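Student: Encoded as structure tokens, here's the structure I'll be asking about.
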Amino acid sequence: MSLPTRVRIVEVGPRDGLQNEPATVPAAVKIEFIQRLAAAGLPAVEATSFVSPRWIPQLADAEEVYRGLERRPGVAYPVLVPNLQGLERAMAAGAEEIAVFTAASEAFNQKNINASISESLDRIRRLADPALERGLRIRGYISCVLGCPYEGPVREEKVVAVAAALFGLGCYEVSLGDTIGVGTPVAARRMLWAVAGECGMERLAVHFHDTRGQALANIFACLEAGVTTVDASVAGLGGCPYARGASGNVATEDLAYLLQGLGIETGVDLPRLVAAGRWICARLGREPRSRLALLPEYQDD
Ligand code: HMG
Ligand code: MG
């Protein structure tokens, strides 16, 4: 068995997490949350989303949040962008990295962004060229890589084709999203291998929601397959508004603990990370969903 020596964790709590919280979080709280996450040593913190505020009202304050950040050198602060309008907003706010998104399922894409897969790739093409010309980095997401809430099982070939299309449009990395947490380790690893065979393992990330408690097991299987970038959401925040029943991503604290135990470097300061998760949960009025944050040694902040 061979495991990577270092893993890059992409923290998605401020975006994937807060986009689905019923409570309205003031911009100042979001800014402090992002800053606490960066200070805990995370190399990338997805900060917000320049999507339609009618679709995701929780992140309607994207400009205020992004402009209010004191960006730490060496930390990436990608933002989600669905179309040219989103790109213009993101660039005006000073974003240097964007994340574009589509799905391996037609039905999910229609619900999430009101477009077929091919229409969504056209939209991405229209924004990718100007973004690349302006020197922005583009990350790609594919939702429903292991199953769709509307269509059921998703074929590997579909995921491979969408990933190849995203790389063709200029993404430096594609994150494979198990949006509704249906995957199990062998299926997850098989899907990852299929995409890596076409696109290269070093350009892939995995993004597991923990709906059925499988996220850490899936991540371990993918680490064994050679993946070195893993998305996670502190305190297990989040879900997806267009995937009923989808729970939050794997909790970053629990992921960091796993990686530490495997001797894999992440650069993360675990106590500071747990504290950041507890801090935002106190503002949301709920308990963290990470297991680590519930331990007695982390209760007294
Ligand atoms: P649409 O309604 O088809 O768009 O939505 P439209 O172009 O017809 O525009 C309708 C209105 O929205 C117009 O306003 C536009 O100006 C406005 P009106 O003239 O009616 O007043 N609009 C915008 N406003 C601000 N910023 C924009 C923007 N675009 C249009 N960028 C659209 C299409 C894509 C915009 C919409 O469906 C949308 O914003 N969807 C976002 C959904 C979303 O954010 N989902 C969650 C993120 S994806 C995810 O969580 C999965 C992931 O985590 C991976 C995984 O787990 O699988 C990444
Ligand atoms: Mg997600």
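The values are calculated or read from the model by the stated rules, or taken from the named source; none is laboratory data. Every value quoted in this text rests on a predicted model; they were computed, and no experiment measured them. Positions of Cβ are generated from backbone atoms using ideal geometry, with glycine treated the same way; all protein chains shown enter the neighbour counts. Keep in mind that these areas ignore ligands, DNA and RNA; they rest on the heavy atoms of the full protein, side chains included. Shrake-Rupley method; radii C 1.70, N 1.55, O 1.52, S 1.80 Å.
Student: If you go through segment 182-206, how many residues are within 16 Å of ligand 2 (Cβ to nearest atom) and out of contact with any helix residue (DSSP H, G or I) (no Cβ under 8 Å at 6 or more places or on another chain)?
Tutor: 2
Student: Residues in segment 182-204: is at least one open to solvent by less than 30 Å² (accessible area, probe 1.4 Å), modelled with pLDDT of 95 or more and polar (S, T, N, Q)?
Tutor: Scanning segment 182-204, I find no residue that is open to solvent by less than 30 Å² (accessible area, probe 1.4 Å), modelled with pLDDT of 95 or more and polar (S, T, N, Q), so the answer is no.
Student: Still on this structure: For Arg286, state whether it is open to solvent by 10 Å² or more (accessible area, probe 1.4 Å) and not in a helix (DSSP H, G or I).
Tutor: yes
Student: To continue, here is another question. Confirm whether Leu59 is surrounded by 16 or more Cβ atoms within 10 Å (Cβ to Cβ), of a type outside the set (Ser, Thr, Tyr), touching a helix residue (DSSP H, G or I) at 6+ places or on another chain (Cβ under 7 Å) and under 16 Å from Ala128 (Cα atoms).
Tutor: No.
Student: Shifting gears a bit: Among the residues that make up segment 55-66, is at least one of them within 16 Å of ligand 1 (Cβ to nearest atom) and among the polar types (S, T, N, Q)?
Tutor: Yes, because at least one residue in segment 55-66 is within 16 Å of ligand 1 (Cβ to nearest atom) and among the polar types (S, T, N, Q).
Student: Here is a follow-up. When only residues in segment 238-257 that are hydrophobic (A, V, I, L, M, F, W, C) and at pLDDT 95 or above count, which is farthest from ligand 2 (Cβ to nearest atom)?
Tutor: Ala256
Student: Separate question: Determine, yes or no, whether Arg67 is open to solvent by 20 Å² or more (accessible area, probe 1.4 Å) and within 21 Å of Leu270 (Cα to Cα).
Tutor: Answer is no for this residue.
Student: Return the only residue of Ala232, Ala221 being modelled with pLDDT of 95 or more and assigned to a strand (DSSP E or B).
Tutor: That would be Ala232, the only listed residue that is modelled with pLDDT of 95 or more and assigned to a strand (DSSP E or B).
Student: For Thr211, work out the one condition from (1) surrounded by fewer than 22 Cβ atoms within 10 Å (Cβ to Cβ); (2) at pLDDT 95 or above; (3) touching a Ser or Thr at 6+ places or on another chain (Cβ under 6 Å) it doesn't fulfil.
Tutor: (2)
Student: Let me ask something additional. Take the residues in segment 34-72 that are among the hydroxyl-bearing types (Ser, Thr, Tyr) and away from ligand 2 (no atom under 16 Å from the Cβ); name whichever of them is farthest from Arg8 (Cα to Cα).
Tutor: Ser52
Student: Still on this structure, I have one more. Which ones in segment 164-177 are in contact with a helix residue (DSSP H, G or I) (Cβ under 7 Å, 6 or more places away or on another chain) and either within 16 Å of ligand 2 (Cβ to nearest atom) or among the β-branched types (Val, Ile, Thr) (or both)?
Tutor: Glu173, Val174, Leu176
Student: Also, I was wondering about something else. Residues Arg123, Arg155: which one is out of contact with any Leu (no Cβ under 7 Å at 6 or more places or on another chain), open to solvent by 20 Å² or more (accessible area, probe 1.4 Å), modelled with pLDDT of 95 or more and within 13 Å of ligand 1 (Cβ to nearest atom)?
Tutor: Matching residue, one of Arg123, Arg155: Arg123.
Let's see how each residue does on (1) in contact (Cβ under 8 Å) with a residue 40 or more places away in the chain; (2) over 15 Å from Gly140 (Cα atoms):
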{"position": "Asp178", "(1), (2)": "yes, no"}
{"position": "Thr184", "(1), (2)": "no, yes"}
{"position": "Val206", "(1), (2)": "no, no"}
{"position": "Ile219", "(1), (2)": "no, yes"}
{"position": "Thr228", "(1), (2)": "yes, yes"}
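Student: Failed condition for Leu84, given (1) touching a residue at least 40 places away in the same chain (Cβ under 8 Å); (2) surrounded by 16 or more Cβ atoms within 10 Å (Cβ to Cβ); (3) over 19 Å from the mean Cα position of the chain (by Cα); (4) more than 15 Å from Gly170 (Cα to Cα), with all others met?
Tutor: (2)
Student: Of everything in segment 13-24 that's outside any helix (DSSP H, G or I) and within 16 Å of ligand 1 (Cβ to nearest atom), which residue is surrounded by the most Cβ atoms within 10 Å (Cβ to Cβ)?
Tutor: Glu21
Student: With the requirement that a residue be touching a helix residue (DSSP H, G or I) at 6+ places or on another chain (Cβ under 8 Å) and surrounded by fewer than 24 Cβ atoms within 10 Å (Cβ to Cβ), what does segment 33-50 give you?
Tutor: If the condition is that a residue be touching a helix residue (DSSP H, G or I) at 6+ places or on another chain (Cβ under 8 Å) and surrounded by fewer than 24 Cβ atoms within 10 Å (Cβ to Cβ), then Arg36, Ala39, Gly41 are the ones that fit.
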